[in-house]
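Coordinate-derived values only; no laboratory data. On a predicted model such as this, the values are computed, not experimentally measured, just so you know. Here Cβ is always computed from backbone atoms with ideal geometry, including for glycine, and neighbour counts include all displayed protein chains.
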Amino acid sequence: MSLFIPDSPHQPASLTRVTHLGIGAHHDDLEFMAYHGIVTCYDNPDLWFGGVTCTNGAGSSRIGPFADLTDEQMQEVRHQEQDAAATTGQYAAQYQLGHPSSVIKDPANPTLTNELLTILQVTKPEVVYTHNPADKHPSHLAVTAATIKALRQLDPAVRPRQVLGCEVWRGLDWMADADKILLDVSTNPDLSKTLGAHFASQIVGGKRYDLAVRGRALANATFFDSHSVDAASHVWYAMDLTPLLHDPSLDPVQFTLAHIDKFKADVSQNLGPHFNSWGRNS
């Protein structure tokens with residue numbers, strides 16, 4: 001585990017000042033899924049974003065000038081990119097846990113949960129951003145599970161007031177509109193662009209995550225409501241995971257499937273009447 005504090009490596013209050021904490025699987029996940037937290041805290045002396053990146057970057061794709069790098073070299077590149085983003089984004093602190101993906105994806109290994117619990121106990125954030133439990137990336141789901149397990153072990157007095165499961169490797173457009181948390185990420189597009197550009201090892205050669213993120217946010221804002229003018233130009237969707245924190249008996253799998261059941265019911269209710277008079281086999 002490494003800890004980088006951009007503005008002062010010896011400042012004791014750097015960790016306790018964190019108000020918004022992002023917990024992501026990979027380098028750049030924070031800048032894409034938790035930009036709302038970053039920009040909310042940016043240039044605000046009362047609000048501070050902290051980041052946690054769980055994996056070591058060894059399995060990253062190698063393209064262009066990075067094609068011949070060894071796993072060890074790629075890890076160092078990704079580490080430097082993440083710390084550079086933390087500096088640009090004025091983070092209070094950036095943790096890099098440095099785990100191989102195979103370690104965090106092992107449900108029997110409590111290491112990640114224990115580390116996240118320690119970080120949460122030290123930082124005591126008000127808001128936590130992590131991956132949503134309907135994401136399709138196995139490492140993202142592993143981080144979500146470890147985050148929920150760690151949060152449930154916190155003393156109720158220091159639990160965050162809000163826990164958000166954000167889009168990355170699956171959008172949340174399918175969720176019922178009433179259940180979507182709308183995160184306005186319209187503010188400071190230059191900051192968003194600069195943060196994304198730090199991760200050259202991933203975007204050089206055609207995998208333009210930086211453009212895709214802004215494109216998704218624009219689409220979310222535009223297609224959210226067909227009968228009103230857009231309240232924000234760019235919106236990121238999140239699933240509210242706070243109920244999983246307040247009710248430890250709530251099964252995270254069933255909690256997620258309940259959202260999917262709502263989607264299924266909505267499709268049936270709206271599409272069904274158009275075909276009921278036909279008979280379903282017509």
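Relative to the longest principal axis of the Cα atoms of the chain, the long axis of helix 71-88 lies at roughly 80 degrees. The label point for S102 and the one for K262, both projected 7 Å from the Cα toward the Cβ, are 3.9 nm apart. Label sites at V204 and L3, each approximated as a point 7 angstrom past Cα along Cα to Cβ, lie 3.3 nm apart. Seen against the Cα atoms of the chain and their longest principal axis, helix 138-153 is set at about 80 degrees. Can you work out the FRET efficiency for the pair L250 and T111, with r the C-beta to C-beta distance and R0 = 30 Å, to the nearest 0.05? It comes to 0.75.
Between the listed residues V158, S268, S102, the Cα displaced farthest toward the positive end of the dipole of the chain, a dipole computed from Cβ unit charges relative to the Cα centre, is found at S268. If one takes the longest principal axis of the Cα atoms in the chain, at what angle in degrees, from 0 to 90 and to the nearest 10, does the Cα axis of helix 111-123 lie? Taking the Cα atoms of the chain, the angle to 111-123 is about 80 degrees.
For segment 240-282, the residues whose amide N sits under 16 Å from a probe point set 7 Å from the Cα of H227 along the beta carbon direction are 270.
Write out the trypsin sites (Lys or Arg not before Pro) in segment 113-207 meeting two conditions: DSSP loop, and at most 15 other Cβ atoms within 10 Å of their Cβ. Don't skip to the end; give the middle numbers.
Values: sites: K136, K149, R152, R161, R170, K180, K193, K207; in loops: K136, R161, K207.
Answer by residue number: K136, R161, K207.
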